[in-house]
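Report on one structure; see the data block that follows.
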Amino acid sequence: MRNLQTTSVAPVAKDMPLAGKIPVVSPLARVKDLNVQFRSRDATVHAVNGVSFDLMPRDVLCIIGESGSGKSVTMKSMMRLLPPKKTVMTGEIEVNGHKVLDLSERQIRHLRGAEISMIFQEPMTALDPVYTIGRQITEAIRAHEPVTTSEARRRALELLELVRIPSAVSRLDAYPHELSGGLRQRAMIAVALSCKPKLLLADEPTTALDATVQIQVLVLLRQLQDELGMGVIFVTHDIGVAAQIADKIAVMYAGEIVEFGSARDVLVNPAHPYTRAMLASTVHGQARDADLPVIPGDPADLRRLVAGCRFAPRCGVSKSLCLERAPSLVGVAAHHDAACHLINSLT
Amino acid sequence: MFLVDTTSTATDERDVGGAAQPMLIVRDLKKHFAVRGAAVRSTARVHAVDGVSFTVAKGETLGVVGESGCGKSTLGKLLMHLIDADSGELIFDGGAIGTRDMPLTQLRRNLQMVFQDSSSSLNPRLSIETSIAYGPRVHGASASEAKAKARDLLVRVGLRPDIFAGRYPHELSGGQKQRVNIARALALDPRMIILDESVSALDKSVEAQVLNLLRRLREDLRLTYIFISHDLNVVQYISDRVLVMYMGKIVEIGAVDEIYRRPRHPYTKALLRSRLSSSPDERIKLAPLTGDPPNPINPPPGCRFRARCPHARDLCATAEPVLEDGATGRKVACHFAEELADA
Ligand SMILES: Nc1ncnc2c1ncn2[C@@H]1O[C@H](COP(=O)(O)OP(=O)(O)OP(=O)(O)O)[C@@H](O)[C@H]1O
Ligand SMILES: Nc1ncnc2c1ncn2[C@@H]1O[C@H](COP(=O)(O)OP(=O)(O)OP(=O)(O)O)[C@@H](O)[C@H]1O
Ligand SMILES: [Mg+2]
Ligand SMILES: [Mg+2]
């Protein structure tokens, strides 16, 4: 019989080297009861519904979950990149000591790039096609630091070498369209790292890449994370990518975190019925003459959230209780939580 | 014509050449794109598809994999005649395409393509039903025939017509849009469909639904597929044979089980070793393939993979390897494939 006690989602960093005189390691980023709604004339979309998690320094957290479950919105909230007029945000977001939701527009602009950086799925949207790679990096540096043009250019070269771009000197003067997909992705990472951020937010940065380039970028990201001591939040819907890069994994469904734990706990011993169903439906060497298991029903309608557990209408094991009361995250094991009423009766 | 029920007939009356005649024969297909060169007013040529030959048997699924930019989509568009080839020969069920045996209008009916981006390929101003009925209308079906066909196809792809027929693209999820694209491709009762990254934008459980759908349609409608994808697991699941491309050329082709079990070309080996495990205990520490592909503009002589190949020797710089027949119908384009078989 497991102990049904609510544990904090915050993992204890037992393998963390204690930095200098700071006695306790505090989280690099902390999200507390985040709610994000998009209001329009005809509907309110409840995109994020009470998300809380802590990210320790040097940790790589992967957010996985179905399309529309609120992964990107959670990330954009942390950068405050959502359209202010139609977005209602409540809760707390703290990054490196800054309360993100309370900052002025000027302060948040300074935070972006300097302390938090983001890389996106499609590098062409993040890189400006009319400027050379070198110019984009030097401008990113000079926007945050008072350095000379030549000093900025020297740093830009270092960054291209850091992201292992071959013949970096000549690539400084290349335009984005002159680079291959893999090189563009690395150039975008270079831009994102130009001010040595403490926190890197990566939204499906390898989804458009083929397998050989994808693994190059993932290995590189993990090395850079280690060399620069960054915390990383990485959104993906590829289980293989999460297994390759994550320390911790958060699984989202209908704007909520339904499971949180170490990569091994979540991927090898998944607890939540949604996580289990998602892993089962992922293609990985199943027999070719049989159908793949699928999750029945339709994704949750975020305009009309159901009472109780939001996955219950599609869940293979739900009981009447599940339709009535929303489950909260409870400990399945040490540092492994899931939001399911039936967690103790599932095996 | 458009309402043939291909499921109930025991033999397909559209089958001209018989079972042994490949659905598609591709011979020495080439497409070089002219692009602005490095020197002023010079032009250079991107060797996108550079002498590709293969066959696709009736009812089989041929997976196509390879590095980004190696020419997979260009190959698909050439087969569809969306772009013109520089040279080469295409034969569909025994009829040379573009001749009296297989005029382009007939090819268009027989061969369809589904693209990656499910949203941009649907007209936002047309209802789902109108979108699907469009092809049959253009090819001469009456309005009521075309509408009935559209509703029948919505059922086939698992979308209830009473709910979805009148909806517009922005009212659909990504998976639903991709089903509509598949329904649209099926609207002229094609015999073969080219799927270019058609499930890549979907999340895993929706991807599984669409793959199940594709398998069922393949059986019910006796379809032949060419399935282009970056996802090596999906290619393994859906394909009978697999074609591996590198810089405009086929480097290896054969049965999917054999190639996945024992890849022979050094590029195929690196590609398959880049597959990610779903267990965090089996992480890849070093990328199996490093460096960048050479410039596709006027590629160097010899083997195009040699600059990144751990086994390259002098011969590879001078002589271009040809795609050689191996045992059991497998073909490999590597001078040292035999020697490296167990490397
Ligand atoms: N600016 C916006 N205005 C209105 N609704 C939005 C906006 N941005 C996102 N949404 C909605 O919020 C929900 C969550 O979207 P989000 O982009 O976070 O999903 P996701 O988990 O990143 O999905 P995917 O895997 O497809 O990228 C979706 O229903 C989406 O349609
Ligand atoms: N219209 C065009 N004009 C010039 N070059 C082109 C054109 N279309 C494609 N190319 C070039 O031809 C090569 C092959 O492109 P293609 O789109 O076929 O690659 P792909 O294998 O489908 O790549 P991906 O996996 O990224 O989709 C690339 O070098 C590309 O830049
Ligand atoms: Mg997203
Ligand atoms: Mg392509």
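Looking only at the stretch B:143-153, decide whether some residue is outside any loop (DSSP other than H, G, I, E, B), among the basic types (Lys, Arg), in contact with a helix residue (DSSP H, G or I) (Cβ under 8 Å, 6 or more places away or on another chain) and buried (at least 21 other Cβ atoms within 10 Å of the Cβ).
If we filter the stretch B:143-153 for residues that are outside any loop (DSSP other than H, G, I, E, B), which is where we start, we get B:143-153.
Those still in the list that are among the basic types (Lys, Arg) too: B:147, B:149, B:151.
Pick out the ones that are also in contact with a helix residue (DSSP H, G or I) (Cβ under 8 Å, 6 or more places away or on another chain) and you get B:147, B:149, B:151.
Narrowing further to those that are buried (at least 21 other Cβ atoms within 10 Å of the Cβ): B:149.
Checked against the condition, which is being outside any loop (DSSP other than H, G, I, E, B), among the basic types (Lys, Arg), in contact with a helix residue (DSSP H, G or I) (Cβ under 8 Å, 6 or more places away or on another chain) and buried (at least 21 other Cβ atoms within 10 Å of the Cβ), the stretch B:143-153 yields at least one hit.
Could you check the stretch B:282-310 and list, in sequence order, the residues that are under 19 Å from B:Leu271 (Cβ atoms) and open to solvent by 60 Å² or more (accessible area, probe 1.4 Å)?
Across the stretch B:282-310, the qualifying residues are B:Glu282, B:Arg283, B:Lys285, B:Leu286, B:Thr290, B:Arg306, B:Ala307, B:Pro310.
Looking only at the stretch B:292-324, which residues are charged (D, E, K, R) and either within 7 Å of chain A (Cβ to nearest Cβ) or assigned to a loop (DSSP other than H, G, I, E, B) (or both)?
Within the stretch B:292-324, the first condition is being charged (D, E, K, R), and the residues that meet it are B:292, B:304, B:306, B:308, B:313-314, B:320, B:324.
Listed by number, the residues that qualify are B:Asp292, B:Arg304, B:Arg313, B:Glu320.
I need every pair where a residue in the stretch A:257-270 that is facing another protein chain (nearest Cβ under 8 Å) and touching a residue at least 24 places away in the same chain (Cβ under 8 Å) has its Cβ under 6 Å from the Cβ of a residue that is open to solvent by less than 10 Å² (accessible area, probe 1.4 Å) and of a type outside the set (Val, Ile, Thr), sequence separation at least 6 or different chains.
Cβ pairs passing all conditions: A:Ala263/A:Ala246; A:Leu267/A:Ala243.
Give A:Ala187, A:Ala202, A:Ala250 a once-over and let me know the one that is in a helix (DSSP H, G or I), more than 10 Å from every other protein chain (Cβ to nearest Cβ), among the small types (Gly, Ala, Ser) and open to solvent by less than 10 Å² (accessible area, probe 1.4 Å). Quick ask: steps written out before the conclusion?
On the way: A:Ala202 fails: in a helix (DSSP H, G or I); A:Ala250 fails: in a helix (DSSP H, G or I).
Exactly one residue qualifies, and that residue is A:Ala187.
Could you grab me the full set of residues in the stretch A:205-235 that are within 14 Å of another protein chain (Cβ to nearest Cβ), away from ligand 4 (no atom under 16 Å from the Cβ) and charged (D, E, K, R)?
Correct list: A:Arg222, A:Asp226.
Could you check how many residues of the stretch A:22-51 are outside any strand (DSSP E or B) and open to solvent by less than 20 Å² (accessible area, probe 1.4 Å)? Can you show your working first?
As a first pass, look at the stretch A:22-51 and keep what is outside any strand (DSSP E or B): A:22-28, A:40-43.
When the remaining residues are screened for being open to solvent by less than 20 Å² (accessible area, probe 1.4 Å), the result is A:28.
Within the stretch A:22-51, residues that are outside any strand (DSSP E or B) and open to solvent by less than 20 Å² (accessible area, probe 1.4 Å) number 1.
When only residues in the stretch A:190-199 that are open to solvent by 20 Å² or more (accessible area, probe 1.4 Å) and not hydrophobic (A, V, I, L, M, F, W, C) count, which is nearest to ligand 3 (Cβ to nearest atom)?
Checked the stretch A:190-199; the qualifying residue nearest to ligand 3 (Cβ to nearest atom) is A:Lys198.
Filter the stretch B:60-109 down to the residues that are more than 13 Å from ligand 2 (Cβ to nearest atom) and at positive phi and list them by number.
Selection gives B:His81, B:Gly88, B:Asp93, B:Gly94, B:Gly98.
Could you check the stretch A:236-247 and list, in sequence order, the residues that are of a type in the set (Val, Ile, Thr) and more than 7 Å from every other protein chain (Cβ to nearest Cβ)?
First, pick out the residues of the stretch A:236-247 that are of a type in the set (Val, Ile, Thr): A:236, A:239, A:241, A:245.
Passing the criteria: A:Thr236, A:Ile245.
Report those helices (runs of 4 or more DSSP H) wholly inside the stretch A:68-170 carrying at least 1 residues which are under 21 Å from A:Leu199 (Cα atoms) and within 14 Å of chain B (Cβ to nearest Cβ).
Details: elements: A:71-79, A:105-114, A:123-126, A:133-144, A:149-162.
Of the helices (runs of 4 or more DSSP H) lying wholly inside the stretch A:68-170, those with at least 1 residues that are under 21 Å from A:Leu199 (Cα atoms) and within 14 Å of chain B (Cβ to nearest Cβ) span A:71-79, A:123-126, A:149-162.
One line per residue, one yes/no per condition, for (1) open to solvent by 10 Å² or more (accessible area, probe 1.4 Å); (2) closer than 21 Å to A:Ala243 by Cα; (3) within 16 Å of ligand 4 (Cβ to nearest atom):
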residue	(1), (2), (3)
A:Phe53	no, yes, no
A:Arg58	yes, yes, no
A:Ser67	yes, yes, no
A:Lys76	yes, no, no
A:Leu81	yes, no, no
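For the stretch B:232-291, how many residues meet the condition of being among the basic types (Lys, Arg), more than 9 Å from chain A (Cβ to nearest Cβ) and not in a loop (DSSP other than H, G, I, E, B)? Lay out the reasoning, then the answer.
Keep residues of the stretch B:232-291 that are among the basic types (Lys, Arg), which gives B:241, B:249, B:261-262, B:264, B:269, B:273, B:275, B:283, B:285.
Now narrow it down to the ones that are more than 9 Å from chain A (Cβ to nearest Cβ): B:241, B:249, B:261-262, B:264, B:269.
Now restrict to residues that are not in a loop (DSSP other than H, G, I, E, B): B:241, B:249, B:261, B:269.
Result for the stretch B:232-291: 4.
What's the number of the only condition in (1) over 13 Å from B:Tyr246 (Cβ atoms); (2) out of contact with any helix residue (DSSP H, G or I) (no Cβ under 6 Å at 6 or more places or on another chain) that B:Ser274 fails to meet?
Every condition holds for B:Ser274 apart from (2).
Scan the stretch B:183-209 for residues that are within 21 Å of A:Ser67 (Cα to Cα), away from ligand 2 (no atom under 16 Å from the Cβ) and not small (Gly, Ala, Ser) and jot them down. Lay out the reasoning, then the answer.
So the first thing to find is which residues in the stretch B:183-209 are within 21 Å of A:Ser67 (Cα to Cα), and the list is B:196-209.
Still in the running and away from ligand 2 (no atom under 16 Å from the Cβ): B:202-209.
B:Leu202, B:Asp203, B:Lys204, B:Val206, B:Glu207, B:Gln209, listed by residue number.
Please enumerate the residues belonging to the stretch B:172-206 that are away from chain A (no Cβ under 12 Å) and farther than 20 Å from B:Lys149 by Cβ. Give the derivation first.
To start, the set of residues in the stretch B:172-206 that are away from chain A (no Cβ under 12 Å) comprises B:179-196, B:198.
Listed by number, the residues that qualify are B:Ile194, B:Leu195, B:Asp196, B:Ser198.
Touching a residue at least 12 places away in the same chain (Cβ under 8 Å) and closer than 22 Å to A:Asp226 by Cα: which single residue out of A:Arg80, A:Arg171, A:Arg112, A:Arg153 fits that description? Even if it seems obvious, please write down each step before you answer.
Values: A:Arg80 fails: closer than 22 Å to A:Asp226 by Cα; A:Arg171 fails: closer than 22 Å to A:Asp226 by Cα; A:Arg153 fails: closer than 22 Å to A:Asp226 by Cα.
So the residue among A:Arg80, A:Arg171, A:Arg112, A:Arg153 that is touching a residue at least 12 places away in the same chain (Cβ under 8 Å) and closer than 22 Å to A:Asp226 by Cα is A:Arg112.
If I filter the stretch B:200-212 for residues that are more than 16 Å from ligand 4 (Cβ to nearest atom) and assigned to a strand (DSSP E or B), do I get at least one hit? Write out each step before concluding.
First pass over the stretch B:200-212, keeping only residues more than 16 Å from ligand 4 (Cβ to nearest atom): B:202-212.
Still in the running and assigned to a strand (DSSP E or B): none.
No, every residue in the stretch B:200-212 fails to be more than 16 Å from ligand 4 (Cβ to nearest atom) and assigned to a strand (DSSP E or B).
The values are calculated or read from the model by the stated rules, or taken from the named source; none is laboratory data. Quick caveat, the model's predicted, so the values are computed rather than measured. So basically every Cβ, Gly included, is an ideal-geometry build from the backbone, and we count neighbours across all protein chains shown. Note: accessible area is taken over every heavy atom of the protein model, side chains too, but ligands, DNA and RNA are not part of it. Shrake-Rupley method; radii C 1.70, N 1.55, O 1.52, S 1.80 Å.
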